[in-house]
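Below: one structure, written as structure tokens.
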């Protein structure tokens with residue numbers, strides 16, 4: 001990693017400008033606490049491509065087919081290496097990635113025997129991911145390196161070439177498991193409780209305990225009680241005692257930058273939590289990062305939706321702390337490294353190792369490296385531009401153009417249409433009235449306290465207003481504020497604006513059409529947000 005050249009231009013102004021008034025400047029932010037920046041330095045996760053054969057008896061194949069989540073016996077043979085009997089295997093994967101053992105590319109979770117001499121290149125637990133939701137087969141590896149560079153726990157990943165009972169399955173992502181070995185890279189004390197969040201599951205008393213005494217749920221129950229505490233000030237104090245809040249905020253920052261929609265903060269999925277005995281606080285571990293970088297317009301300060309952040313997000317002090325941690329993560333792990341070049345490098349390295357094993361498969365990794373690099377480049381460029389907008393809006397008179405290629409406005413319709421379409425040579429947000437009288441586009445933002453003006457150009461056609469104030473036509477507004485001018489009938493492009501103040505609550509911008517009939521367009525190139533004096 002040290003050989004990669006810096007990709008982003010210096011962001012000192014961004015870091016200082018984005019922090020709320022009274023916060024420390026970027027150079028004074030509290031640095032992330034971690035033990036290693038990266039550790040892809042051993043053979044398995046460096047230059048080696050193990051070629052392994054999984055040998056499972058017919059009886060155990062039948063058992064896996066009936067009960068894919070139960071371990072059965074496995075013999076693991078490595079070409080040019082050891083043969084390890086008495087290992088166990090079960091199938092892995094969820095809704096999008098699960099495959100039966102009799103199908104083309106099942107995913108595997110493997111545990112070697114307990115004795116030290118039965119470890120696979122130092123691992124007693126590892127996974128073979130089929131990567132069916134990641135055509136590049138590089139997301140998990142690169143995203144893990146990014147996370148670790150930010151001091152956020154995430155597994156090391158490499159690759160393996162796999163056969164099952166003489167059937168060639170091909171290239172797999174090899175990922176280290178979550179156990180004492182993994183924990184030792186991030187925590188000095190590995191004797192705490194480790195819980196698996198499960199599939200789309202919020203933290204609850206029945207989480208699977210992967211390490212520690214499953215009968216001792218006292219800390220887990222206190223964690224749950226803390227985020228359910230009804231009194232806001234007491235809730236934050238209780239959570240500070242049981243959760244490493246700043247570590248979680250760094251975890252969230254990485255999820256935001258990577259577009260990890262399927263992680264804890266946004267989908268209550270793909271996560272572990274570890275009760276660290278060193279401070280008796282829970283820390284979050286990233287997982288399931290095969291679908292990264294998908295929406296380059298993902299807003300960098302998108303409001304999370306899981307229980308832990310929900311419990312504290314209304315407190316502006318927490319949101320300011322998040323920005324502080326975000327910029328520490330961004331500056332340390334993203335601004336300084338050419339991650340697209342790293343993706344190309346990883347693809348080329350894997351291609352070279354595969355050439356002696358499967359030349360046809362090897363050829364694909366030139367394009368896979370290029371594809372991963374392009375996804376990463378688009379996303380990180382969008383992050384940079386969003387942060388520049390945020391910095392601009394931190395000063396009086398600052399303006400940001402909320403354009404098509406930078407922000408994802410989310411459409412919500414009541415049996416009508418919400419689409420992005422071209423009209424009169426303009427890229428537009430388009431609303432068409434349906435059976436339930438309308439729909440809207442929304443864009444939540446995180447802004448410093450102050451006064452703002454939102455402007456844009458709207459066109460309407462056949463808009464028929466209703467009799468109540470909620471169905472008067474097309475307008476721009478702020479969520480929670482029903483005031484503002486509505487347009488009806490047939491109207492050519494007309495500029496419309498709304499002013500609003502940000503105090504404690506972050507705003508959500510709304511373009512809506514509520515009427516009995518008709519359609520409306522908002523010119524994306526005209527959408528401007530201005531910070532007022």
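Descriptive notes on the structure:
- Filtering the range 191-208 to residues that are closer than 10 Å to residue 275 by Cβ and crowded, with 17+ Cβ neighbours inside 10 Å leaves 192, 193, 194, 195.
- Condition met for residue 82 (touching a strand residue (DSSP E or B) at 6+ places or on another chain (Cβ under 9 Å), surrounded by fewer than 19 Cβ atoms within 10 Å (Cβ to Cβ) and on the phi < 0 side of the Ramachandran plot): yes
- Being closer than 19 Å to residue 181 by Cβ and touching a residue at least 24 places away in the same chain (Cβ under 8 Å) is a condition met by at least one residue of the range 62-72.
- Some residue of the range 129-143 being within 24 Å of the chain's Cα centre (by Cα), assigned to a strand (DSSP E or B), in contact (Cβ under 8 Å) with a residue 24 or more places away in the chain and surrounded by 24 or more Cβ atoms within 10 Å (Cβ to Cβ): yes
- Verdict on residue 233 being surrounded by fewer than 21 Cβ atoms within 10 Å (Cβ to Cβ), in contact (Cβ under 8 Å) with a residue 40 or more places away in the chain, out of contact with any strand residue (DSSP E or B) (no Cβ under 7 Å at 6 or more places or on another chain) and farther than 18 Å from residue 154 by Cβ: no
- Scanning the range 20-73 for residues that are modelled with pLDDT of 90 or more and loosely packed, with under 11 Cβ neighbours inside 10 Å yields 58, 59, 66, 69.
- The range 351-391: number of residues that are part of a helix (DSSP H, G or I) and over 25 Å from the mean Cα position of the chain (by Cα): 11
- Checking each residue in the range 438-453 for being over 29 Å from the mean Cα position of the chain (by Cα) and at pLDDT 90 or above picks out 450, 451, 452, 453.
- Residue list for the range 264-296, filter: part of a loop (DSSP other than H, G, I, E, B) and either buried (at least 18 other Cβ atoms within 10 Å of the Cβ) or touching a strand residue (DSSP E or B) at 6+ places or on another chain (Cβ under 7 Å) (or both): 268, 269, 270, 287, 288, 289, 290, 291, 292, 293, 296
- Considering the range 402-414, and only residues there that are surrounded by fewer than 16 Cβ atoms within 10 Å (Cβ to Cβ) and in a strand (DSSP E or B), the residue that is modelled with the highest pLDDT turns out to be 410.
The values are calculated or read from the model by the stated rules, or taken from the named source; none is laboratory data. The shown structure was predicted, so the numbers you read here are calculated from the model rather than taken from an experiment. Note that we place each Cβ from the backbone using ideal geometry, even for glycine, and neighbour counts take in every protein chain shown.
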